[in-house]
Amino acid sequence: MEVEGSSGARPAGLWTHLQRLVTRPGPLAHPEFTPSPEILDLLRDTVRVLVVGAGGLGCELLKDLALMGFGMIDVIDMDTIDVSNLNRQFLFRQQDVGRPKAVVAAEFIHGRVPGCTVTPHYCKIQDYDDLFYRQFHVVVCGLDSILARRWINGMLVSLLRYEEDGSLDQSSMIPLVDGGTEGFKGNARVILPGMSACIECMLDLYPPQRNFPLCTIAHTPRLPEHCVEYARLLLWPKENPWGDGAAIDGDDPAHVGWILERAQERAAEYGIAGVDYRLTQGVVKRIIPAVASTNAVVAAACATEVFKLVTSCAAPMNNYMVFNDEDGIYTYTYEHERNESCTACSQRPTPLRFTPDTRLEAVLDFLRAAPQYQMKNPGVTTTTADGRNRTLYMATVPSIEERTRPNLKKTLTELELSSGQELAVADVSTPNTVIFQLELTDA
């Protein structure tokens with residue numbers, strides 16, 4: 001049974017429950033909550049929500065938010081639909097293969113939920129500037145990429161404004177609700193930028209990424225691992241290099257070498273660096289499938305938090321929830337505290353301690369490998385005593401990379417760096433420059 005209300009056709013039971021939540025007080029309501037039927041009109045006509053990602057989790061989020069009464073939703077995704085998506089990304093059909101995910105998902109919601117406008121954006125999140133992201137009241141992520149999460153987090157942190165006394169102007173804060181799944185495990189978190197722990201504060205919780213969606217591997221590779229998986233999953237069965245349908249042996253140098261060569265060809269085509277033998281051997285045989293039921297549970301948790309943040313009908317989750325249904329059902333919620341030295345939200349330079357004889361390349365390797373930083377391709381600049389900007393190393397611009405490459409072998413002393421000097425580090429993991437304060441020590 002469905003009811004036709006001011007926000008379109010929705011399941012009667014769900015819609016009745018939502019109406020009760022916002023039109024009457026309750027013991028779980030936020031202290032500042034004022035019940036009113038006008039809240040439903042607010043959801044439909046005023047509040048604008050951005051959904052980042054239109055894959056398995058993103059499809060569930062769009063459906064949940066639309067049925068909850070949100071009338072102005074934007075969705076952004078850079079991928080197209082692959083046939084492998086159809087078993088768990090339920091807004092897509094066979095005839096949609098090859099079309100942009102964001103566009104198809106928006107069309108599906110339009111056709112099923114009258115009164116809900118979904119605006120698709122078929123592009124990278126990096127294609128928009130701060131003016132675009134300022135339009136939204138809440139951002140909710142359903143992503144398969146840690147790097148994309150970090151970038152969105154950095155963008156929302158960069159939008160914060162502070163008063164002269166250093167206090168946060170809360171009107172500049174856009175809440176971020178983030179969900180993630182892998183197999184039968186998942187998590188959801190509520191991030192109030194500048195007030196609670198952000199993605200960078202929790203970065204050491206993430207293990208190195210080993211599992212990648214097939215649609216990304218086939219159509220929009222962004223990482224060296226994507227190129228390896230392309231050779232392993234798609235080229236090996238097609239070319240059958242050892243004949244008789246031979247399976248890949250990750251310990252056979254000949255097998256790994258074949259995959260390495262094909263992966264390097266793929267990487268050269270897309271301008272991706274970092275494909276080597278060690279990486280190739282590490283990636284082989286590491287794909288865990290997404291599970292539709294896990295996506296549904298985590299998306300429901302995230303959509304509920306968005307509803308609570310907007311209506312204040314209940315206090316939002318504080319602030320991290322884990323979910324596991326591998327051997328039964330287990331869920332637990334706890335408060336993750338802010339990292340006072342967080343590179344994104346601490347508003348102060350992060351100490352970076354090295355000995356004077358450390359080479360610059362070792363510093364960059366540390367920024368890539370350290371769990372709390374996990375940078376991809378950092379570039380470093382500094383300011384000299386007379387106020388001039390000096391580039392120590394920059395890999396993203398070929399001409400600058402060639403000119404600054406000799407600095408990699410130089411020690412910090414040879415580069416004339418001193419304790420207290422600030423290093424500005426740029427990386428694809430964040431839209432903002434990260435400021436470190438160098439501390440040279442004897443140990």
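The values are calculated or read from the model by the stated rules, or taken from the named source; none is laboratory data. Bear in mind the structure is a predicted one, so any value in this text is a computation, not a measurement. Cβ placement follows ideal geometry from the backbone for every residue including glycine, while neighbour counts extend to all protein chains displayed. These accessible areas exclude ligands, DNA and RNA; they are computed on the full protein's heavy atoms, side chains included. Shrake-Rupley method; radii C 1.70, N 1.55, O 1.52, S 1.80 Å.
The criterion of at least 2 residues that are out of contact with any Cys (no Cβ under 7 Å at 6 or more places or on another chain) and among the hydrophobic types (A, V, I, L, M, F, W, C) is met, among strands (runs of 3 or more DSSP E) falling completely within the stretch 350-393, by 350-354. For LYS238, the conditions (1) in contact with a strand residue (DSSP E or B) (Cβ under 9 Å, 6 or more places away or on another chain); (2) assigned to a helix (DSSP H, G or I); (3) at pLDDT below 90 all hold with the exception of (1). Screening GLU402 on (1) in a loop (DSSP other than H, G, I, E, B); (2) without any contact (Cβ under 8 Å) to a residue 60 or more places away in the chain; (3) open to solvent by 70 Å² or more (accessible area, probe 1.4 Å) shows it passes everything except condition (1). Which of the residues that make up the stretch 30-40 are closer than 13 Å to LEU309 by Cβ, not in a helix (DSSP H, G or I) and not charged (D, E, K, R)? Across the stretch 30-40, the qualifying residues are HIS30, PHE33. Put simply, of LEU91, LEU50, LEU131, LEU43 the only residue that is open to solvent by 50 Å² or more (accessible area, probe 1.4 Å) and not polar (S, T, N, Q) is LEU131. Need pairs with beta-carbon distance below 6 Å; first residue open to solvent by less than 50 Å² (accessible area, probe 1.4 Å) and within the stretch 256-283, second of a type in the set (D, E, K, R) and part of a helix (DSSP H, G or I); sequence gap 6+ or separate chains. That search, which allows pairs on different chains as well, returns ILE259/ARG232; VAL283/GLU225. How many residues are at pLDDT 90 or above, assigned to a loop (DSSP other than H, G, I, E, B) and open to solvent by 10 Å² or more (accessible area, probe 1.4 Å) when one looks only at the stretch 155-176? Number of matching residues: 4.
Restricting the stretch 115-126 to residues that are open to solvent by 70 Å² or more (accessible area, probe 1.4 Å) and over 15 Å from the mean Cα position of the chain (by Cα), the residue that is farthest from TRP151 (Cα to Cα) is THR117. Based on what the data block shows, is ASP427 of a type in the set (Asp, Glu), under 28 Å from VAL157 (Cβ atoms) and open to solvent by less than 50 Å² (accessible area, probe 1.4 Å)? Judged against the criteria, ASP427 is a match. Is there a residue being at pLDDT 85 or above, touching a helix residue (DSSP H, G or I) at 6+ places or on another chain (Cβ under 6 Å), part of a loop (DSSP other than H, G, I, E, B) and surrounded by fewer than 22 Cβ atoms within 10 Å (Cβ to Cβ) anywhere in the stretch 196-219? Looking through the stretch 196-219, none of the residues is at pLDDT 85 or above, touching a helix residue (DSSP H, G or I) at 6+ places or on another chain (Cβ under 6 Å), part of a loop (DSSP other than H, G, I, E, B) and surrounded by fewer than 22 Cβ atoms within 10 Å (Cβ to Cβ).
Residue-wise test of (1) within 14 Å of the chain's Cα centre (by Cα); (2) surrounded by fewer than 18 Cβ atoms within 10 Å (Cβ to Cβ).
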site: PHE136; (1), (2): no, no
site: GLY142; (1), (2): yes, no
site: ASN153; (1), (2): yes, no
site: GLY183; (1), (2): no, yes
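One residue stands out in the stretch 66-85 among those that are at pLDDT 90 or above and part of a helix (DSSP H, G or I): the one that is most open to solvent (accessible area, probe 1.4 Å), namely LEU67.
When the criteria are applied in full, LEU147 meets the requirement of being assigned to a helix (DSSP H, G or I) and touching a residue at least 40 places away in the same chain (Cβ under 8 Å).
Restrict the check to the stretch 177-187 and report whether at least one residue is assigned to a loop (DSSP other than H, G, I, E, B) and closer than 27 Å to GLY58 by Cβ. Checking the stretch 177-187: at least one residue is assigned to a loop (DSSP other than H, G, I, E, B) and closer than 27 Å to GLY58 by Cβ. Under the condition of being under 18 Å from ALA344 (Cβ atoms) and acidic (Asp, Glu), the residues counted in the stretch 370-396 number 0.
Taken over the stretch 346-392, the criterion of being among the polar types (S, T, N, Q) and open to solvent by 50 Å² or more (accessible area, probe 1.4 Å) is satisfied by GLN347, GLN372, ASN377, THR383, ASN389, THR391.
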